[in-house]
1. Give me, ordered by chain and number, the residues 5 or more places off ILE209 or on other chains with an amide H under 5 Å from its own placed amide H.
2. Leaving out same-chain residues fewer than 8 places away, which lysines sit with a Cα under 18 Å from that of LYS2?
3. Go ahead and run the numbers for FRET between ILE172 and TRP114, Cβ-Cβ distance against an R0 of 25 Å, rounding to 0.05.
4. Over the C-alpha atoms of the stretch 1-131, what are the Rg and the largest Cα-to-Cα span, Dmax, in Å?
5. With springs only between Cα atoms under 10 Å apart, run a GNM on the chain and tell me which of ILE213, ILE139, ILE194 wobbles the most.
6. Could you give each residue of the stretch 210-223 its phi-based ³J(HN,Hα) in whole Hz, using Karplus coefficients 6.51, -1.76, 1.60 with θ = phi - 60°, and x for Gly or Pro?
7. Suppose each label sits 7 Å from its Cα in the direction of the beta carbon; what would the GLU260-ALA131 distance come out to in nanometres?
8. Taking a label point 7 Å from the Cα of ALA156 along the Cα→Cβ vector, which residues of the stretch 175-202 have an amide N closer than 15 Å to it?
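Each value in this text was obtained by applying a stated rule to the coordinates, not by laboratory testing. Please read all numbers here as calculations on a predicted model, not as lab measurements. Please note: Cβ atoms are built from the backbone with ideal geometry, for glycine as well, and neighbour counts cover all protein chains shown.
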Amino acid sequence: MKAGVWYHPDFSLRGHSVLRDRVEPAFNAMTDLIEAGKIGLFTPAITQETEELLNQCHSARHIAMVKAEHYHDVALLSAAGVVEAAERLATGDLEFAFCFVGAAGHHAGYDRFWGFCYYNDAVMAIKKLRALGIKRVMIIDVDPHFGDGTRDLIGADPDVIHVNFHSGSWRIVEDPELNNYDIGLGSGGDSDFIDALNRVLSRSWDYEILMIIFGHDSHILDYGGFALTEISFKHLAEAIKEFAAGKPVLFILSGGANPEVAKTVIPMVIKTFL
Ligand SMILES: [Zn+2]
């Protein structure tokens, strides 16, 4: 499979203080794959287009507030990588991509942000995909926190299927008209997560490109909910690969702080797709 990873040293040097310590150890754990030529290494760069996509997704007030918190550059660089990866997938250069980030995106809405998220990388990439003629996108957000920013930005667009796992109380809420699906797993655990994921993936969905919002804060040794082990991460990767059946897959790193978790689960996920 033609695969690429997006990484920049600034993600660990200047990334959000909670998220940054896991980035470099996880990247170093997969340098053997890069050196063996099994996956391409890409370094993101901010361009005029990145700035334009940012302005299409977030208000001027929002951007000014992020600049005041001094995470503007690293958040935009993170999103730039996701946009570049989406473009390479859309044009067929790649079939699989994994994007490291220095700040996450799924809590960034049009005019508000929280939870270590500043700019919505996935939605900026969707804007780019639309310009390339890709209409139907499926997002599966397996970060245990509710992807409220993404829902704010694309919830009203039925051509984006938004499947949103979260650790709120055990409850499934479906809006097939707008293609929004919220799966509350409560405290979770491997079997509940795997059962719920399998139920989603067993259905028929109409999409051209698949994005996974990959938060490993769902790991039992990390700070979020779900209390998952490696069993779930391995299943996630294998099940997504089978589900995508050759359609392009873009993994976007989201929450997670524990370097030991990151350097185990990230290479594990990537190797599944190679
Ligand atoms: Zn999270």
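1. MET138
2. LYS38, LYS241, LYS247, LYS271
3. Working: r = 25 Å, r/R0 = 0.99.
Computed FRET efficiency for ILE172 and TRP114 comes out at 0.50.
4. Calculated on Cα positions, Rg and Dmax stand at 14.4, 45 Å.
5. For the chain, modelled as a Gaussian network with Cα springs under 10 Å, the answer is ILE194.
6. Taking θ as phi minus 60°, the curve returns 10, 10, 10, 7, 9, x, 8, 5, 6, 6, 4, 9, 10, 8 Hz for the stretch 210-223.
7. Modelled inter-label distance: 4.4 nm.
8. So the set is 178-179.
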